[in-house]
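Structure first, commentary second.
Only the coordinates and a few stated rules stand behind these numbers; no lab work does. Keep in mind that what you see is a predicted model, and the values were worked out from it rather than measured. Because the Cβ atoms are built from the backbone with ideal geometry, glycine has one as well, and the counts that use them run over all protein chains shown.
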Amino acid sequence: MSSGPNPDSFGVTDSLSRTARPEPWTSMPGGTKVGSDVRSRVSAYAIAVAEGRLLLTRLSDSSPVFLSGLWHLPGGGIDPGEQPRETLERELHEETGLELLDARLVDARAYTAHRLGVNWNLVGLFYLVDLKPGPIAVTRTDDSTSAVTWMPLSGLEESRLSPAAIDSLGMIGAGEMRQ
């Protein structure tokens with residue numbers, strides 16, 4: 001008898017290893033058992049595409065889950081009591097200076113990671129968003145974002161992207177546009 005839902009039935013994959021794992025709740029890379037000092041986090045991510053370009057933010061040294069220097073989607077952890085749309089609005093303002101007009105949930109993914117001495121179990125909620133046009137700028141410089149830019153979809157290199165950003169490309173049908 002199973003001790004919980006089968007994550008594969010929900011299409012959950014471990015995007016850090018890029019392969020499905022039959023029991024992602026029981027162990028993490030390196031054999032660390034889930035529940036033994038693992039932090040869980042639910043994050044909301046914005047997928048914004050305009051004129052063949054994807055809005056991306058560069059992760060700073062204080063990025064809690066994914067490696068610094070990678071290009072990542074705008075978004076972040078959902079604070080207690082906060083709705084995912086409120087998270088998107090807050091994070092988009094902090095990381096890009098842009099205003100959210102509309103958001104539509106398109107997918108959810110689970111990731112495991114080890115960073116800064118912490119084992120993470122992250123669930124990412126991915127939203128296709130419409131933004132109010134305007135100049136982009138990081139407005140909260142003491143956080144996990146060091147830069148923001150619109151990158152052409154045709155020139156994105158997976159080695160420079162976070163696992164969440166890589167996954168978002170498939171969600172918008174841009175996988176075949178990459179080099």
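General observations
- Tail beyond 15 Å, pair distance distribution of the stretch 44-93 (Cα, percent): 49
- Taken along its three principal axes, the alpha carbon spread of the stretch 39-179 comes to 38, 31, 27 Å, from the longest extent down to the shortest.
- Fraction of alpha-carbon pairs over 12 Å apart in the stretch 105-164 - percent: 81
- Highest mean packing comes first when the peptides 140-146, 65-71 are listed by Cβ atoms within 10 Å, giving 65-71, 140-146.
- Under the simplified labelling scheme, the MET171-ASP61 pair shows an inter-label distance of 3.0 nm, with each label point 7 Å from Cα along Cα→Cβ.
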